[in-house]
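Engineer: Here it is, the structure in full.
No value in this document is a laboratory result; all are computed from the given coordinates. Note that the coordinates shown come from a computational prediction; the quantities given were computed from them, not determined experimentally. Quick reminder, even Gly has a Cβ in these numbers, built from the backbone with ideal geometry, and neighbours come from all protein chains shown.
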Amino acid sequence: MWEPDGAEGHVGKVGVLLEDGTVPGPVYIDLGSSGHVPSFTDWWFYTGEGRAPLAERMRAVCACGWYGETTYPIDWTRVPHREPHLYDTSGPEKDWENHTRQVNARTVPLPEDIARLLSQLRERLEEIKDDDPLTALRIIGELDSIVDLNGSYVARLATRKYADEEIAAALGSTEKATAARLRRYDNRRGY
């Protein structure tokens with residue numbers, strides 16, 4: 001799984017396609033002595049062995065529902081049996097990174113002075129957090145108080161004025177991640 005930088009909820013991974021171009025369902029593996037049979041969707045389970053279908057190609061997929069149009073062949077003779085993560089999946093990963101860059105490019109831009117202040121704050125926290133964790137904690141507490149005072153009000157204004165998908169796009173997030181964030185802002189009020 002690939003974690004995004006700034007595109008909340010846009011978690012990426014390698015997806016697979018069968019020879020006919022269809023996306024296979026999960027692979028179920030009976031581990032024995034349990035009523036529960038777990039399922040897996042990691043690309044390396046689609047080896048064609050046992051009851052697993054054989055994946056011919058790979059592509060990038062994202063938790064938001066996006067998938068890469070470019071596909072890459074899988075050479076199963078080169079996939080290390082016990083360490084499939086060593087196989088080259090850089091093509092799909094680059095495609096997903098391009099997707100998250102496009103998501104970030106569509107976000108509402110921060111005012112320059114705010115972007116500069118946030119950048120300075122991040123840098124300063126990095127400098128002091130290990131040597132002076134109490135000061136870093138105090139700074140984080142001050143940031144929390146800003147969110148506590150303004151988050152709920154601004155979240156409610158935004159949800160009255162914009163559709164969920166518009167808010168998610170403006171934040172560079174998925175609708176699910178945005179809904180969780182807005183609930184968190186509203187729950188922080190404590191009354």
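Engineer: Given Cα pairs under 8 Å that are at least 6 residues apart, what percent is the relative contact order of the chain?
Structural biologist: 20
Engineer: Report, to the nearest 10°, how far helix 133-161 tilts away from the longest principal axis of the Cα atoms in the chain, using its own Cα long axis and a range of 0 to 90°.
Structural biologist: 80
Engineer: Which of the lysines could a cross-linker bridge to K176, judged by Cα under 22 Å and excluding same-chain residues fewer than eight apart?
Structural biologist: Cα-Cα hits under 22 Å: K13, K161.
Engineer: Oh, and also: What is the Rg over Rh value, at two decimals, for region 18-101, using alpha-carbon atoms and the Kirkwood definition of Rh?
Structural biologist: When Rh is taken as the Kirkwood radius, the ratio is 1.00.
Engineer: OK, next. Just grab the label-to-label distance for A163 and E69, each label 7 Å out from Cα along the Cβ direction, in nm (one decimal).
Structural biologist: Placing both labels 7 Å beyond Cα along the Cβ direction yields 2.4 nm.
Engineer: Hey, of [x] 1.00; [y] 1.14; [z] 1.34, which did the structure itself give for Cα Rg over 2.2 N^0.38 Å when calculated?
Structural biologist: [z]
Engineer: What residues have an amide H closer than 5 Å to that of V11, excluding those fewer than 5 places away on the same chain, when H is modeled at 1.01 Å from N in the peptide plane?
Structural biologist: It is A63, C64, by chain and number.
Engineer: Could you give the angle, 0 to 90 degrees to the nearest 10, between helix 112-128's Cα long axis and the longest principal axis of the Cα atoms of the chain?
Structural biologist: For helix 112-128, the angle is close to 80 degrees.
Engineer: Taking the chain as a Gaussian network, where each spring joins two C-alpha atoms under 10 Å apart, which residue of H99, H85, H36 fluctuates the most?
Structural biologist: H36
Engineer: Rounded to the nearest 10 degrees, what's the angle between the helix 175-187 long axis and the longest principal axis of the chain, both from Cα atoms, 0 to 90?
Structural biologist: 40
Engineer: Also: Over the chain, with a Gaussian network built from C-alpha contacts below 10 Å, which listed residue (G35, G25, G48) shows the highest mean-square fluctuation?
Structural biologist: G35
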